Amino acid sequence: MASNLQLVRSPGSMRERLILALDVDDLERVKALVSLLGSKVGMFKVGKQLFTHAGPQAVKLIQGMGGEVFLDLKFHDIPNTVAKAAIEATRLGVKMFNVHASGSLEMMRLTVREVSRVCRQEGLRRPIMLAVTVLTSLNKSDLQRVGVDGEVADQVIRLALLTRQAGMDGVVASPQEVAPIRAACGRRFIIVSPGVRPQRAKRNDQRRVMTPEEAIRAGADYIVVGRPIMEAKDPMRAAQEIITEMERGAAAD
Ligand code: C5P
C-alpha cells in the first residue's frame, strides 16, 4: 500500500492541487469551461448533477480535452455494489473517486481490494480513493437524529481513521477539519477540501469556509472550488488569484 500512496501523494504545483467543481448540467458549458480553464486547474470534479445528466460522456469529454476527473458520486451501498461501481469508475480512468466512510470498514476494504485487483489485471492506473466522513451540511443534532451521539469533530476523526484503516488514500473534509485529520492520520493521508472561498469572494451557501491560503496552510492537499471561479466575470483571472493565494499558504509552511 505504501508504494501506491507514494505514487498518488504530493501533487506538485498549486495548479495541480486546484480542482474545479463542474456543477453544471450542460455538456457545451463543460466543453467551454474545460477549454478555458484546462491550463489553470489540475482536475475537474464531476458530481451527481452532471453525471446524472450526461453520464460517462461527461467524463470522456473532459478526458478527451486533456483534463483529469474527480468523480464525486459518494458511493454508499452494500460492499459488493460499491466495489463494482468503483471498478467502473476505475475503468473510466478517473483520477479520483469517493465513497461514504459511514458505509463501513468492510465496504471500503472491499473497494480498495477490488480496485487494486482490477488495476493489476487490466493494467489500469490506480485512482485515488477517498471517503467522505461527515457531510459539512450536517450538524450535531442531525447526527443525533440518526443515532450518532457526541461531537461532529469526533465523528469526523473516527471515520477518517476508519478510512485509513481500510487502506483508502484519504478523505474529503471541510477546511476546518484539515488540521485535526492531518494530526490523527499522518502526512501521507490525502485531504481534499471544498468550502474554500478566495478572500474577495461571496460565501454562497458554504458556512464554514477558509481562504485558499488558510486551507493549504492547514494541510489540505487539494482544494475544490466551484462558483467563485465559474461565476466570476473573468474565470481565468479568478483561478489565477486562487493559485496565488494557495502559493502564499505553501510559502508560509
Ligand atoms: O461552488 P462551490 O465552491 O461551493 O462548490 C463546492 C463543491 O464541493 C460542490 O460541488 C459541493 O457539492 C462540493 N462539496 C462541498 N462540501 C462537501 C463536499 C462536497 O461543498 N462537504
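The values are calculated or read from the model by the stated rules, or taken from the named source; none is laboratory data. This one's a predicted model, so the numbers in the text were calculated from it and none came from an experiment. Virtual Cβ from ideal backbone geometry, glycine too; neighbours counted across all protein chains shown.
Observations on the structure shown:
- Residue in the range 161-175 that is assigned to a helix (DSSP H, G or I), charged (D, E, K, R), surrounded by 13 or more Cβ atoms within 10 Å (Cβ to Cβ) and within 16 Å of the ligand (Cβ to nearest atom) present: no
- Subset of the range 130-151 that is surrounded by 19 or more Cβ atoms within 10 Å (Cβ to Cβ) and in contact with a helix residue (DSSP H, G or I) (Cβ under 6 Å, 6 or more places away or on another chain) - its residue that is nearest to E114 (Cα to Cα): A131
- Residue match in the range 47-65 (condition: surrounded by 21 or more Cβ atoms within 10 Å (Cβ to Cβ), touching a strand residue (DSSP E or B) at 6+ places or on another chain (Cβ under 8 Å) and of a type in the set (F, W, Y)): no
- Some residue of the range 142-159 being within 30 Å of V34 (Cα to Cα), within 16 Å of the ligand (Cβ to nearest atom) and out of contact with any Lys or Arg (no Cβ under 9 Å at 6 or more places or on another chain): no
- In the range 74-88, the residues that are surrounded by 14 or more Cβ atoms within 10 Å (Cβ to Cβ) reach residues that are among the small types (G, A, S) and part of a helix (DSSP H, G or I) with C-beta atoms within less than 6 angstrom, at least six apart or across chains, in these pairs: F75/A85; H76/G103.
- Residue among V82, V41, V24, V99 that alone is within 16 Å of the ligand (Cβ to nearest atom) and either in contact with a Phe, Trp or Tyr (Cβ under 8 Å, 6 or more places away or on another chain) or of a type in the set (D, E) (or both): V99
- Any hit, the range 52-66, residues being over 17 Å from R126 (Cα atoms), without any contact (Cβ under 8 Å) to a residue 60 or more places away in the chain, within 15 Å of the ligand (Cβ to nearest atom) and in a strand (DSSP E or B): no
- Residue selected from the range 99-115 under the condition in contact (Cβ under 8 Å) with a residue 40 or more places away in the chain and among the polar types (S, T, N, Q), by the criterion nearest to K84 (Cα to Cα): T111
- Residue in the range 80-101 that is in contact with a Leu (Cβ under 8 Å, 6 or more places away or on another chain) and either modelled with pLDDT under 95 or part of a loop (DSSP other than H, G, I, E, B) (or both) present: yes
- Out of I242, I190, sole residue that is at pLDDT 95 or above, at negative phi, more than 10 Å from the ligand (Cβ to nearest atom) and touching a Pro at 6+ places or on another chain (Cβ under 6 Å): I242
- In the range 193-228, the residues that are near the ligand (Cβ under 8 Å from one of its atoms) and not in a loop (DSSP other than H, G, I, E, B): V196, V224, V225, R227, P228
- Members of the range 113-135 found to be in a loop (DSSP other than H, G, I, E, B) and within 18 Å of F97 (Cα to Cα), listed by number: L124, R125, R126, P127, T133, V134, L135
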